[in-house]
Amino acid sequence: MNESAVADLIRKYLTERILDASDVQIELDTPLLEWGILNSLTTTRLVGFIREQFGVEIPFDAMLGENFKDLRSISRLVAGLGGG
């Protein structure tokens, strides 16, 4: 699955499950960590979603802020791990 398709599914998850369909529009470069959209709890939930949806495990050494700072970084990580 390409990064764009991964980004679309993760955006939908974040909007519906993390933000409860709020007015916040998540773009590829929305600073998810800076805006508090992702924190330790919501990141854990997101990693579980990624495991179920894309069939990939995020390695411990990839659990870095730079990989979760925005939708583009997350999508790149998941696609790079063979997600899809």
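Determine ³J(HN,Hα), in whole Hz, for all residues of the stretch 31-46 in sequence, where each value follows from phi through the Karplus function 6.51 cos²θ - 1.76 cosθ + 1.60 and θ = phi - 60°; x replaces Gly and Pro.
For the stretch 31-46, the Karplus-derived couplings read x, 4, 6, 4, 7, x, 5, 10, 9, 4, 5, 5, 5, 4, 4, 5 Hz, x marking Gly and Pro.
Extent of the chain along each principal axis, from alpha carbon coordinates, in Å, largest to smallest?
For the chain, the Cα spread along each principal axis is 31, 23, 21 Å.
Per residue, how much accessible area does the stretch 1-60 show when a 1.4 Å probe rolls over the protein heavy atoms, in square angstrom?
63
What is the packing order of peptides 26-37, 58-69, 6-17, taking the mean over residues of other C-beta atoms within 10 Å and listing the highest first?
The packing order, highest mean first, is 6-17, 26-37, 58-69.
Between the helical axis of 71-80 and the dominant principal axis of the chain, each derived from Cα atoms, what acute angle in degrees is found, rounded to the nearest 10?
The angle comes out at about 10 degrees.
Considering only the other residues whose Cβ falls under 13 Å of the Cβ of GLY48, what net charge follows from Lys and Arg at +1 and Asp and Glu at -1?
Summing Lys/Arg as +1 and Asp/Glu as -1 gives +1.
The values are calculated or read from the model by the stated rules, or taken from the named source; none is laboratory data. All figures in this text were calculated on a predicted structure; none of them were measured in a lab. Ideal geometry is used to build each Cβ from the backbone, glycine not excepted, and the neighbour counts take in all protein chains shown. Ligands, DNA and RNA are excluded from the accessible area calculation, which covers all protein heavy atoms including side chains. Shrake-Rupley method; radii C 1.70, N 1.55, O 1.52, S 1.80 Å.
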